[in-house]
Structure formats: C-alpha cells, structure tokens
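This report refers to the structure that appears directly beneath it.
The values are calculated or read from the model by the stated rules, or taken from the named source; none is laboratory data. None of these values were measured; they are calculated from a predicted model. Cβ atoms come from the backbone with ideal geometry, glycine included; neighbour counts cover every protein chain shown.
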Amino acid sequence: MADRPGDLAGAQPVGDRLGTPGPDAGYAIKLARTFSDRLKTGKLAESDVVAGCVAVAIKRSGLLGRGPVVHDLTAAFTLWGFLDDAPKSELVALREEVFPQVASSHHYAERREIVDLTSSEVLHRPHSLIIEDYKSDWRTNIAAG
C-alpha cells in the first residue's frame with residue numbers, strides 16, 4: 001500500500017513511451033560522469049551523448065530489476081560506439097542523426113527513440129557480450145543497423 005505522496009498505488013503503468021522503471025535511476029547520471037574522460041563524442045555535445053546513453057542504461061537496469069551500475073553505462077556507451085576511438089562511419093552517421101538535442105527536456109521523444117533502438121533482448125545480455133558483439137559488428141546491438 002502506498003503511504004508516501006510519491007508512491008504509486010497499484011502496479012506501474014505499462015504502455016508506449018512509459019519506459020522501464022527501476023529503482024534509483026538517477027544514480028546513472030552520477031555514474032556517467034566517471035566516463036567523461038573516455039567518451040569519444042565526435043561532433044556531438046557530451047551532454048546529448050550522456051543523456052541518450054543514460055536513458056539506455058536506465059532501461060537496462062530496469063529490465064534487470066535493479067538500480068543502475070557502472071556496467072549499464074559501459075553497455076550503453078559501447079552500444080553507440082562512444083568508447084571506441086574509431087567507430088564505423090555508418091554508426092557515426094546514425095548517432096549524428098538521433099543524438100542531437102536529446103539532453104533538452106523538450107526532446108523526450110527523440111531520447112526515447114535512442115532507447116527504443118536497443119532491444120530488450122540485447123540489454124538482457126551481460127555487458128561483456130555486448131562489447132564482444134560491438135567489436136564484431138555494431139549492427140547486432142542496434143535495431144536501425
């Protein structure tokens with residue numbers, strides 16, 4: 001039974017654009033800061049890269065029924081090639097199409113598009129397998145690829 005004002009009564013709503021809820025999702029933002037010296041953002045603003053990848057990391061942690069951990073951010077930044085010194089040009093083009101402006105709250109739909117391009121099946125896998133698949137062919141992890 002909900003006994004705090006912010007608690008939801010009953011089950012979490014399910015539907016299009018409602019996300020994958022999990023506990024302490026905001027912690028992913030703090031974890032993302034530890035990656036700033038390793039991110040290869042190219043022409044994109046770091047704030048947009050972090051916003052898009054934090055959303056992916058939160059989806060992963062929610063799917064796994066827990067709060068975010070560093071491996072969720074590693075998986076998200078890897079999926080999109082932001083930890084790669086030389087990502088494939090096709091991936092760079094896709095990133096430059098979907099990541100601009102997503103740090104703005106006015107671009108929630110665009111941020112959701114980034115999240116939706118990564119399937120739940122991919123995000124359920126260990127981050128080490130996501131990294132291996134990225135190295136062999138990034139398209140195996142991104143739906144638009």
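Here are a few things to note about the model shown:
- Within the range 105-137, tally of residues that are surrounded by 15 or more Cβ atoms within 10 Å (Cβ to Cβ), more than 17 Å from Val49 (Cα to Cα) and either touching a Leu at 6+ places or on another chain (Cβ under 7 Å) or of a type in the set (Gly, Ala, Ser) (or both): 3
- Counted residues, the range 77-99 - those being over 19 Å from Arg112 (Cα atoms) and part of a loop (DSSP other than H, G, I, E, B): 6
- Selection count where residues are in a loop (DSSP other than H, G, I, E, B) and out of contact with any Phe, Trp or Tyr (no Cβ under 8 Å at 6 or more places or on another chain), scope the range 101-145: 12
- Restricting attention to the range 97-109, the residues being in contact with a helix residue (DSSP H, G or I) (Cβ under 7 Å, 6 or more places away or on another chain) and either of a type outside the set (A, V, I, L, M) or farther than 16 Å from Leu39 by Cβ (or both) number 4.
- You will find that of Arg125, Arg111, the residue that is of a type outside the set (Gly, Ala, Ser) and free of Cβ contacts under 8 Å to residues at least 24 places away in the same chain is Arg125 and no other.
- When Leu73, Leu94, Leu79, Leu64 are checked against the criterion of being of a type in the set (A, V, I, L, M) and in contact with a helix residue (DSSP H, G or I) (Cβ under 6 Å, 6 or more places away or on another chain), Leu73 stands alone in meeting it.
- Taken together, the residues in the range 57-76 that are part of a helix (DSSP H, G or I), surrounded by fewer than 24 Cβ atoms within 10 Å (Cβ to Cβ) and either in contact with a Leu (Cβ under 6 Å, 6 or more places away or on another chain) or of a type in the set (A, V, I, L, M) (or both) amount to 2.
- Filter pass, Val102 being under 12 Å from Asp48 (Cβ atoms) and among the β-branched types (Val, Ile, Thr): yes
- Qualifying residue in the range 83-92 (condition: touching a residue at least 12 places away in the same chain (Cβ under 8 Å), closer than 12 Å to Leu123 by Cβ and surrounded by fewer than 24 Cβ atoms within 10 Å (Cβ to Cβ)): no
- Within the range 11-19, one or more residues are surrounded by 12 or more Cβ atoms within 10 Å (Cβ to Cβ), within 22 Å of Glu121 (Cβ to Cβ) and modelled with pLDDT under 90.
- Test: residue in the range 69-82 that is touching a His at 6+ places or on another chain (Cβ under 6 Å), among the hydroxyl-bearing types (Ser, Thr, Tyr) and modelled with pLDDT of 95 or more: yes
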